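J.: Attaching a single structure in structure tokens format; questions to follow.
Where a number appears in this text, it was derived from the coordinates with a stated rule and is not lab data. All values derive from a computational prediction rather than experimental measurement. FYI the Cβ positions are ideal-geometry reconstructions off the backbone, even for glycines, and counts take in every protein chain you see.
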Amino acid sequence: MARTKEQTRTTPTPRHEQGLDELRALDNEIASLRALLTETPGDESHMRAISKALLRRFFLAGHLLDLRHAVIFMDHLPPPAPDEFTTFDFDPAVDEHTWVQWQPWLESQGYVLPPGDRAGWIPSKALASPSVNEDQVTIKAAKRRARRLSQRFIYATRIADNAPVFLKVCPCEGPDQELLIAAYFSSEGVRDDSRNHCYPLLDLLLAPTRNGKRYFLLVFPMLRRVFEPDPATVRELLTCITELAEGLEFMHEHATAHRDIHYRNIMMDASHLIPSGWDPYLKNRVYPPNSVSRLSEPIKVLSRSRVPVKYHFIDFGLSTKFASMEERGYVTGTMGLNRTLPEQSDTVPYDPFHADIRMFGDMLKDWQTGFLGLGFLDPLIAELRHDEPSLRLTAQEMNARLRLLARTTSVFVLEVPLRRRFRVAGMSYRTSWIKYPVRILSHIFNR
């Protein structure tokens, strides 16, 4: 049999020695499967096995060629049928049942949905307390559940290590570049760059058909909203903004325009900030893993100034990647969460990189409107939001300006508690103000 590119290319360097052994084993497995496939062309079991092996190789070594080959094999496979994994009776016309139908198949792939998102669910409150109006509880909980289950994404748990993950449906065909872009920024030479703030791809599955169409299922780590809870100080928010500017510069260096920058598409890795974890639907509470009771507890949040917190761009469904910045082109479209850009049009092409800068500036303006103490950002925001796209700063210039602000802005400004302009009931900044002089002295003595 002729040697393939898979067998002759240089082996990429894995992250550790154990990974090197696993990589050699995968290479042998792939070579054996290719030999079997040569003897039995079109054998579905062999194609499925080789696609899974190639995906494992991609996530270990980060070589995009492995992912491309895996997707080619997956394109020739029939999608899994949910009825092969369950006999539960569903009404296929109800959208919200999609994830519930998929649960047995997901479990066969190593993922499990929360108990409330599985077949046969009944609200625990309705079961536990006779004093509660069972019908009312059931209706309210069912409505919340229906909203969750009708979306293209959901939270789950990876069975192998009990890690919380985020599952997202992505079409196999069409203009959506999410898989391409997520895979690129999770590939060798890119994923380990500290300036990379794109959320990492953990796994890829060929999902059952949905409404007659083929879909991939993308698996990402479970992240958390930036303002859950709010940063404690102006400095902590400025650090977040600076990291995101660094991430946008990195994306633009790699000829990728996000095209949907908005606070909803900004999240953080809070695994160090909230080490005990949290329930994805309760947000501020967690169920102790070994507790015999069904009662949740408040989450324990550490300080962003003391633990590492990485901020990520998510949702590349509208993003565009070009071959290079020299070959960049123009785009059309008014989709996205921010539809106020002056140049946005469905018919007149515009530069997506200039549009990214305006969206970033609009996001900062929204934050400035919502929080006190951010007036020092005024000149920068004005340059990011210029109505003439060519007069806006580049991502590189924006990042440099933000780093300069972080160095030159007075500590008396940066260590001020980050306060919402319009407080919600029960919100207090007393503790933050008590710590204010301590933060000032700590900064002075640690310079």
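J.: Using the structure shown, select from LYS52/LYS300; LYS283/LYS365; LYS52/LYS321; LYS213/LYS283; LYS300/LYS321 the pairs with a Cα to Cα distance greater than 29 angstrom.
T.: Values: LYS52/LYS300 38 Å; LYS283/LYS365 26 Å; LYS52/LYS321 26 Å; LYS213/LYS283 33 Å; LYS300/LYS321 39 Å.
Table pairs above 29 Å Cα-Cα are LYS52/LYS300; LYS213/LYS283; LYS300/LYS321.
J.: Also, quick follow-up: In whole Å, how far is the Cα centre of region 30-48 from that of region 56-71?
T.: 17
J.: Amide H to amide H, which residues 5 or more places from PHE216 or on other chains are under 5 Å from it, using H placed in the peptide plane?
T.: Residues meeting the amide H criterion: CYS170, CYS172, ALA207.
J.: Further, regarding this structure: Step through the residues of region 42-59 one at a time and calculate ³J(HN,Hα) from phi using the Karplus curve (6.51 cos²θ - 1.76 cosθ + 1.60, θ = phi - 60°), rounding each to whole Hz and writing x for Gly and Pro.
T.: x, 5, 5, 5, 6, 5, 5, 5, 6, 5, 5, 5, 5, 5, 4, 5, 4, 6
J.: What spacing in nm lies between the two simple spin-label points modelled at ASP387 and THR334, each 7 Å away from Cα in the Cβ direction?
T.: About 1.7 nm separates the two model spin labels.
J.: ALA232's amide H: which non-local residues (gap 5+, or another chain) put their own amide H closer than 5 Å, with H modeled 1.01 Å from N in plane and none for Pro or chain starts?
T.: ARG304
J.: OK, next. How many angstrom lie between the Cα centre of region 270-332 and the Cα centre of region 148-185?
T.: 14
J.: Identify all aspartates and glutamates with a Cα-Cα distance to LYS435 below 18 Å; exclude those on the same chain that are fewer than 8 residues away in sequence.
T.: Within the straight-line limit of under 18 Å, LYS435 reaches these aspartates and glutamates: ASP230, GLU236, GLU415.
J.: Still on this model: Give me ILE72, ILE299 ranked fewest to most by other Cβ atoms within 10 Å of their Cβ, as a rough exposure proxy.
T.: On the way: ILE72 12, ILE299 20.
By the 10 Å Cβ count, ascending: ILE72, ILE299.
J.: Let me ask something else about it. Fewest to most neighbouring Cβ within 10 Å: what's the order for TRP102, TRP367, TRP278? Walk me through the numbers on the way to the answer.
T.: Numbers: TRP102 25, TRP367 19, TRP278 22.
The order, fewest Cβ neighbours first, is TRP367, TRP278, TRP102.
J.: How long are the three semi-axes of the equivalent ellipsoid for region 301-447, computed from the Cα gyration tensor as the root of 5 times each eigenvalue, in whole Å, largest first? Can you show the working numbers first?
T.: Values: eigenvalues 249, 64, 46 Å².
Each semi-axis is √(5λ); the values are 35, 18, 15 Å.
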